[in-house]
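Working notes for the structure below.
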């Protein structure tokens, strides 16, 4: 393995009934990189994220994060190691305010429990102040500070995507899994997301990006993994992927021509 | 930020004022007695509000925990001659341990399945209250449960007990207010909002559900303890499953998304049957109608309704160029 390997996925496997959703996929991810996972619909991209996050358990293979094997851990345990995700189908806590959503993102970095919070132990109060401060900072980062007191369900679609990112960043993650953060957004909004992903990486955070918007992927990725029918068919730098014949036939063809044309 | 620091206790101060002033105007034993019941039911409903409204889990077995709290303390004081104040922690502990094991085995179920499982647990407890005749006195009941006393003062009048109950209610509201405005409270609501997302952000939903379930059972137990030493007599009929339904109704009609909903629901559903008594046969119909109307117009319950009204009033004031009030 290379130096500063943050995440190593080795030969992982996942079946749903008879369907081979993920078939012996391996890749490694170095610290501070942006790695994109692309592929046609149903290629297994979101399943791969769910396997890394512990939402599904792998049937074979290993996932190693900073020397910890994580393939048997539950999502909250994986979150506490520093991996966090956003959701393709927006999964905000709609019963809470914008600010509170981000505050939940801080859950994994804080400890105070039922008792210390009920009785207002100083430790709990300090933690609470710290949670609020961090949450406001992250809202500032994505430009939603003004909306903090509103209900999360009152946000526009694009704002909800930004809130997903703010909530993820509130945990001070080492690795962020972004599941189609630009899906359904217009060109201007995609630019904002693109800028935001760069800012996140600039802060030393490693990113795995699942995305269909090829402009965005080719623009910001350091490396790309291409999945098709649950199998990795290519891996490389954006330029290499654009010229990979197998990838073009599987999926990219026209879009690359448009992007270059 | 400062405003938020002061804000949470506003409701507690208002409640303190109301409960402190009420006895000056309300003298009849009958009315004080009703207010004692409102206090006891508020405690119990508060636990259910946390469970249902915050963590999103239903329980149809709360009357069982209410009964355990009452019977454990009743039996310890009557049969073993133990001081009630020593019996209190024992009964809360026993209820909590039972709730832990019940929660551990049922809380992986969701929605209706969880409702059915907890309903079954409540029914089992009720059968035990009836059948363990040596301990509980069976259907005849457990008699001569001692009243509480504090510092030599016997709490043998409605008014004295009223003071005790509402001091406890206020204190518990203080604790629960702190709890729901903390990371723990947000963790609970996150489970209800999106369980998978909450899990991915570090909340362990199963552990949280068990803790809230135990907390709700402990509050039911505390309420049962107060009941036992207020009425001085226990009969299984007040711990049957229709009471579990009543408590759940209090939670929902009161407004499950706010801890104050517990107070509103307990108040309305304790007073309503008393008001309706004069209408004899019609009272069940009117009772049903009131519940339906509340839930149709305020699907977030009375707390949601009040929230809506106060916002509406504020809007009106703003439009007329008046001073903006409140939040």
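The values are calculated or read from the model by the stated rules, or taken from the named source; none is laboratory data. What you see is a predicted model; the values in this text were computed from it and never measured. Heads up, the Cβs are rebuilt from the backbone with ideal geometry, glycines too, and the neighbour counts pull from every protein chain shown.
Summary table
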{"read-out": "Any hit, region B:52-61, residues being closer than 28 Å to residue B:268 by Cα, part of a helix (DSSP H, G or I), in contact (Cβ under 8 Å) with a residue 12 or more places away in the chain and out of contact with any helix residue (DSSP H, G or I) (no Cβ under 9 Å at 6 or more places or on another chain)", "value": "no"}
{"read-out": "Residue check, residue B:151 away from every other protein chain (no Cβ under 14 Å), modelled with pLDDT under 95 and closer than 26 Å to residue A:119 by Cβ", "value": "yes"}
{"read-out": "Matching residues in region B:292-315 - criterion: being buried (at least 16 other Cβ atoms within 10 Å of the Cβ) and assigned to a helix (DSSP H, G or I)", "value": "B:294, B:301, B:302, B:303, B:304, B:305, B:306, B:307"}
{"read-out": "Selection within region B:204-215 - touching a residue at least 24 places away in the same chain (Cβ under 8 Å) and within 30 Å of residue A:85 (Cα to Cα)", "value": "B:206, B:208, B:209, B:210, B:212, B:213"}
{"read-out": "Meets criteria (more than 22 Å from residue B:192 (Cβ to Cβ) and touching a helix residue (DSSP H, G or I) at 6+ places or on another chain (Cβ under 8 Å)) for residue A:26", "value": "no"}
{"read-out": "Residue list for region B:24-37, restricted to those being more than 13 Å from residue B:164 (Cα to Cα) and either part of a helix (DSSP H, G or I) or touching a residue at least 60 places away in the same chain (Cβ under 8 Å) (or both)", "value": "B:24, B:25, B:29, B:30, B:31, B:34"}
{"read-out": "Residue match in region B:248-256 (condition: closer than 24 Å to residue B:99 by Cβ and without any contact (Cβ under 8 Å) to a residue 12 or more places away in the chain)", "value": "no"}
{"read-out": "Any hit, region A:143-153, residues being in contact (Cβ under 8 Å) with a residue 40 or more places away in the chain, surrounded by 19 or more Cβ atoms within 10 Å (Cβ to Cβ), under 19 Å from the mean Cα position of the chain (by Cα) and in a loop (DSSP other than H, G, I, E, B)", "value": "no"}
{"read-out": "Helices (runs of 4 or more DSSP H) contained in region A:1-116 and holding at least 2 residues farther than 27 Å from residue A:213 by Cα", "value": "A:75-81, A:98-105"}
{"read-out": "Hits in region A:28-56 - residues which are in contact with a strand residue (DSSP E or B) (Cβ under 7 Å, 6 or more places away or on another chain), buried (at least 17 other Cβ atoms within 10 Å of the Cβ) and at positive phi", "value": "A:39, A:44"}
{"read-out": "Matching residues in region A:65-123 - criterion: being within 7 Å of chain B (Cβ to nearest Cβ), farther than 13 Å from residue B:197 by Cα, within 17 Å of the chain's Cα centre (by Cα) and buried (at least 19 other Cβ atoms within 10 Å of the Cβ)", "value": "none"}
{"read-out": "Among the candidates B:125, B:129, B:171, residue that is out of contact with any helix residue (DSSP H, G or I) (no Cβ under 8 Å at 6 or more places or on another chain), over 30 Å from residue A:168 (Cα atoms) and either modelled with pLDDT of 95 or more or within 14 Å of chain A (Cβ to nearest Cβ) (or both)", "value": "B:171"}
{"read-out": "Scan of region B:274-285 for residues that are at pLDDT below 85 and surrounded by 11 or more Cβ atoms within 10 Å (Cβ to Cβ), ordered by number", "value": "B:279, B:282, B:283, B:284"}
{"read-out": "Residue match in region B:206-213 (condition: out of contact with any helix residue (DSSP H, G or I) (no Cβ under 8 Å at 6 or more places or on another chain), within 14 Å of chain A (Cβ to nearest Cβ), farther than 20 Å from residue B:299 by Cβ and assigned to a helix (DSSP H, G or I))", "value": "yes"}
{"read-out": "Residue check for residue A:129: more than 24 Å from residue B:215 (Cβ to Cβ), surrounded by 15 or more Cβ atoms within 10 Å (Cβ to Cβ) and free of Cβ contacts under 8 Å to residues at least 40 places away in the same chain", "value": "no"}
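A quick yes/no check of all residues on (1) assigned to a loop (DSSP other than H, G, I, E, B); (2) without any contact (Cβ under 8 Å) to a residue 12 or more places away in the chain:
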residue: B:186; (1), (2): no, yes
residue: B:189; (1), (2): no, no
residue: B:202; (1), (2): yes, yes
residue: B:217; (1), (2): no, no
residue: B:221; (1), (2): no, no
residue: B:225; (1), (2): no, no
residue: B:230; (1), (2): no, no
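Residues are listed down the side, and each one gets a yes or a no for (1) surrounded by 20 or more Cβ atoms within 10 Å (Cβ to Cβ); (2) in contact with a strand residue (DSSP E or B) (Cβ under 8 Å, 6 or more places away or on another chain); (3) part of a loop (DSSP other than H, G, I, E, B); (4) at pLDDT below 95:
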{"residue": "A:139", "(1), (2), (3), (4)": "yes, no, no, no"}
{"residue": "A:162", "(1), (2), (3), (4)": "yes, no, no, no"}
{"residue": "A:165", "(1), (2), (3), (4)": "yes, yes, no, no"}
{"residue": "A:173", "(1), (2), (3), (4)": "yes, yes, yes, no"}
{"residue": "A:197", "(1), (2), (3), (4)": "yes, yes, no, no"}
{"residue": "A:208", "(1), (2), (3), (4)": "yes, yes, no, no"}
